[in-house]
1. Looking at E31, E3, E74 in this structure, which one is out of contact with any His (no Cβ under 7 Å at 6 or more places or on another chain) and surrounded by fewer than 16 Cβ atoms within 10 Å (Cβ to Cβ)?
2. Being assigned to a helix (DSSP H, G or I) and without any contact (Cβ under 8 Å) to a residue 40 or more places away in the chain is the filter here; which residues of region 268-284 pass it?
3. Restricting attention to region 150-168, which residues are open to solvent by 30 Å² or more (accessible area, probe 1.4 Å), in contact (Cβ under 8 Å) with a residue 24 or more places away in the chain and not acidic (D, E)?
4. Could you please find all residues in region 111-149 being open to solvent by 10 Å² or more (accessible area, probe 1.4 Å) and farther than 24 Å from W182 by Cβ?
5. May I ask you to say which residue of D219, D236, D173, D215 is farther than 21 Å from A272 by Cβ, touching a residue at least 60 places away in the same chain (Cβ under 8 Å) and of a type outside the set (F, W, Y)?
6. Which is modelled with pLDDT of 95 or more and within 18 Å of the chain's Cα centre (by Cα), of A135, A204?
7. With respect to G178, determine if the residue is touching a residue at least 24 places away in the same chain (Cβ under 8 Å) and either crowded, with 23+ Cβ neighbours inside 10 Å or of a type in the set (G, A, S) (or both).
8. So, in region 342-358, of the ones that are open to solvent by less than 10 Å² (accessible area, probe 1.4 Å) and of a type outside the set (G, A, S), which residue ends up farthest from L199 (Cα to Cα)?
Amino acid sequence: MPEPVEVRKIPLLTVSDAGGLADLVDSGVLEADRVVAVIGKTEGNGGVNDYTRIIADRAFREVLVARGTRSAEEVAQVPIVWSGGTDGVLSPHATVFATVSSDRAEQTDELRLTVGFAMSEVLLPEDIGRTPMVAKVADAVRVAMERAGIAGAADVHYVQTKTPLLTIHAIRDAKSRGKTVWTEHTHESMDLSNGCTALGVAVALGEIEMPSDEDVLHDRALYSAVASCSSGVELDRAQVVVVGNARGVGGRFRIGHSVMRDALDADGIWAAIRDAGLELPERPHPADLQGRLVNVFLKCEVSQDGQVHGRRNAMLDDSDVHWHRQIKSAVGGVAASVTGDPAVFVSVSAAHQGPDGGGPVAAIVDLGPDPTGYVPPS
């Protein structure tokens, strides 16, 4: 049986700030050697060349090495997933997951949060956007589920991944071996990698059957309701974090999920919070959360028909500001208005992640007697 998990959200005061993590360790809330995953937002451009992710990654790993007993090589295996871009009101932050010993956690047979991690086989440039990538990701998701002690797909509520995208170097590598790639546009390959990975998650969880190469980025009816996929230049395989609930693991945290049907679907966020176990009034307000919400994790995407709530918008036609940044800012505002906290995880490029124009939402709540979530200033 996996150990209980402690979850804390900390702010990033600068792009290289890992002081919040150091404080959690120094105060005894977490042990550096027990940190099993970090999922965060950095303030870069969110694009192929967003090196704020690398800066933040290095800062957090340095703290884990300095305050623990694991070597740098061992710490390098800890999944730390950074999503770049805090457009609009979004605030840079990180959510830290760490195991705790059973004697420090609430004992209960109720469903409580558990985390599993796995790495896929190496993803070659020619795999990206094609069924070999789907299969490799699906295999890694199954391994992570087993490590988390999750009995069935119904108890999986959030699968965060990080996968490679295509760079000029990777494209040249494939060509040198006589291979082709799905696209030679590196920025497009971000959507491609994310979408193909989401299909792998959906296959592993039985949400869809194995798709064809032609389905990738084309059949938007194929999606996962729990996948949250990011991509970057800093790895060569799929890094998979599965978060769900299991009985007997203990602790006070629980996770739930839902989907936003479009960019304005605040009810989809409230539904995820309810699914995590919080009782809320019919028309809830951020004050009803009372510090019990640790964080929400959302993916968002511009609808392929160029509409929101039946109204035309021009994001897909805008040549000045890429739609990635516009939709992230819009959904970030909706999410922050629900939670009362701008430090919410909102990531763009949600092909095959939730319905077209919407996206999946996961929520983690603290059900303990002294909740540790954020309470906005009065």
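The values are calculated or read from the model by the stated rules, or taken from the named source; none is laboratory data. Here the structure is a predicted model, which means the values were calculated and not measured. Don't worry about glycine lacking a Cβ; one is built from the backbone with ideal geometry, like all the others, and counts go over all protein chains shown. To get the accessible areas, we keep the full protein, side chains included, count just its heavy atoms, and leave off ligands, DNA and RNA. Shrake-Rupley method; radii C 1.70, N 1.55, O 1.52, S 1.80 Å.
1. E74
2. Listed by number, the list holds a single entry, R274.
3. A151, A153, T167
4. L111, R112, V115, F117, R142, V143, M145, E146, R147, G149
5. Going through D219, D236, D173, D215 in turn, the sole match is D236.
6. A204
7. For G178, the condition - touching a residue at least 24 places away in the same chain (Cβ under 8 Å) and either crowded, with 23+ Cβ neighbours inside 10 Å or of a type in the set (G, A, S) (or both) - is not met.
8. V344
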